[in-house]
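Written below as structure tokens is the structure these notes are about.
Just so it is clear, none of the values below were taken in a lab; they were calculated from the coordinates. Being a predicted model, the structure only gives us computed values, none of them experimental. All Cβ positions, glycine included, derive from the backbone under ideal geometry; neighbour counts span all protein chains shown.
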Amino acid sequence: MWQLATALSMLGARLRESWDAHDAHTVELILDYFEQFTGRFHHPKEDDQLFARLRERSEEAGEILAKLRGDHEASPQKLALIRALIKAEPEHGCGQALAEAIERFRAHLDAHMKLEEEVTFALARKIFTSADWVEIDAAFEAHVDPLSHSGPAGKMTLLQQRITPLLPASDGRGAEKDFGSVVAISAAPRAGRDLLQIRDLRTRYGQIQVLHGVSITVGEGELVALIGANGAGKTTLLRCISGVRPASAGAIHFGKEAITSVRSAARVRWGICHSPEGRQVFGPMSIEDNLVMGAYTRPGKEIASGLSEVYELFPILREKRALPAGTLSGGQQQMLALGRALMGKPKLLLLDEPSMGLAPLIVEEIFRIIRTLKQSGMTILLVEQNARAALSIADYAYVLETGKVTLEGRGHELLANDDVRRAYLGM
Ligand SMILES: Nc1ncnc2c1ncn2[C@@H]1O[C@H](COP(=O)(O)OP(=O)(O)O)[C@@H](O)[C@H]1O
Ligand SMILES: [Mg+2]
């Protein structure tokens, strides 16, 4: 148990330094273990044998055992907070809060183990006879803990075995593949100054390279669409732009600044605001608090005006502002995710699949709002699987296929392109 607690702390410290999906998965595995296995295996053997006997023999034991039980009852809430922060982290930079939540849980575990080992077991040693211990030991021996077949080494091996399947397989140590060259079907120059310029961007998850040298440009005031099949790397590209995933090579310029290795919170401060895939609103928090969170890089005095602008755009959010975000429908949660990104006063708005999973009428509503934002002069990079809707409103668009831009041109040009029509418009 203490080994897992130590591992958990170490992972928390690493996640505070920089976000890593594998570390986060490992934390979740350890939480799974605490939730599913300690309850089923570890506690019954103690409850049935050691604690039951102790309760029979000692008056002091009642209070100590009640305290231990209280600890168990407090755990789910602490674990749930860690899980919520892991879920939120990639888009919201909760690394610090996550590390603190893990530390608090670790302190809770330490105190619990101390009470068990130093107080409870000490008391047991005082009052149990050797005959008691023979029976208790037998019960403990017979018990099979999934992580402790053969002591500490066995624990680590098993934990590793549980983690290893989650690691992506090697694809030849990142050898570059030849994806051919980009076809640009537009000859006319694009209007406006470049706001975002990405050159030859590469990134990987573990051994798997996901972006193989992506180059795209978003001009000031443009709405640029990025389309491509599931798994092409669209979300990954947006994450590299907002800085929640590091680039392994290439350059990102925002205006005149090279931001390739600038931290994500600083990018938000500069006006790169991300409405993530899957919305990721905080269900238990009120709608208004969700929105306020989007303004965490803004001066406090701007919050009220930001809120009223968002409420202007989404009256339903004003109406329901005091309710938990989890009570909203999918479409309304998408509005909230959009509103939260707008609270950061974006110079560049990154939208990841805003229409995903929504009914046609709601999709229309979302696209109407995106058009309104565009008309107000906002620069938008829109990722969509709904290629037709995205290309219809895009000034310019890129097609991303397995981590590489294969085609680019104006929205209407791509809409008319045979390859695009076949591959993405189902025609
Ligand atoms: N956290 C992750 N760990 C490992 N591989 C990932 C992770 N996220 C995405 N991938 C892989 O990267 C590729 C691109 O994924 P993604 O950027 O989500 O694509 P899209 O948004 O275009 O559907 C996919 O092959 C996906 O399986
Ligand atoms: Mg995606």
* 5 angstrom amide H check on Leu407, placed H, neighbours 5+ away -> Val183, Val399
* Asked: If amide H atoms are built 1.01 Å from N in the plane of the peptide, which residues on other chains or at least 5 residues away come under 5 Å of the amide H of Glu60?
  -> none
* Structure fact -> Taking a ≥ b ≥ c as the square roots of the eigenvalues of the Cα gyration tensor, with a/c under 1.5 meaning rounded and otherwise prolate when a/b exceeds b/c and oblate if not, region 237-304 is oblate
* Do the alpha carbons of any pairs in Lys320/Lys345; Lys87/Lys374; Lys67/Lys87; Lys87/Lys256; Lys234/Lys320; Lys78/Lys126 sit beyond 27 Å of each other, and which pairs? -> Lys87/Lys374; Lys67/Lys87; Lys87/Lys256; Lys234/Lys320; Lys78/Lys126
* Measure nothing fancy, just the Cα-based angle from helix 130-142's long axis to the longest principal axis of the chain, in degrees from 0 to 90, nearest 10. => 30 degrees
* Asked: Of Ser242, Ser130, Ser261, which is the most mobile in a GNM of the chain whose springs link Cα atoms less than 10 angstrom apart?
  -> Ser130
* Asked: Binned at 5 Å from 0, what are the whole-percent values of the Cα-Cα distance distribution for region 43-103, short to long?
  -> 4, 17, 18, 14, 10, 10, 10, 9, 6, 3, 1
* Report relative contact order for the chain in percent, whole number only (criteria: Cα-Cα under 8 Å, sequence separation at least 6). => 16 percent
* Structure fact -> Expected vector for region 298-313, Karplus 3J(HN,Hα) from phi with 6.51, -1.76, 1.60 and θ = phi - 60°, integer Hz, x for Gly and Pro, equals 9, x, x, 6, 8, 5, 4, 5, x, 4, 5, 5, 5, 5, 4, 6
* Which listed residue (Phe121, Ala416, Leu349) has the Cα farthest towards the positive end of the charge dipole for the chain, taking +1 on Lys and Arg C-beta and -1 on Asp and Glu C-beta about the Cα centre? -> Ala416
* **Residue with peak Gaussian network fluctuation, the chain [Cα springs, cutoff 10 Å], from Leu226, Leu54, Leu31** => Leu54
* Cα centroid separation, region 55-81 to region 185-262 (Å) -> 52 Å
* Structure fact -> Mean projected area (nm²) from the convex hull of Cα positions in the chain is 24.9 nm²
* Asked: Where a ≥ b ≥ c are the square roots of the eigenvalues of the C-alpha gyration tensor, would you call region 227-367 rounded, which needs a/c under 1.5, or, failing that, prolate if a/b is larger than b/c, or oblate?
  -> oblate
* Structure fact -> Counting sequence-distant residues (5 or more places) and residues on other chains, those with an amide H built under 5 Å from that of Val214 are Asp200, Leu201, Arg202
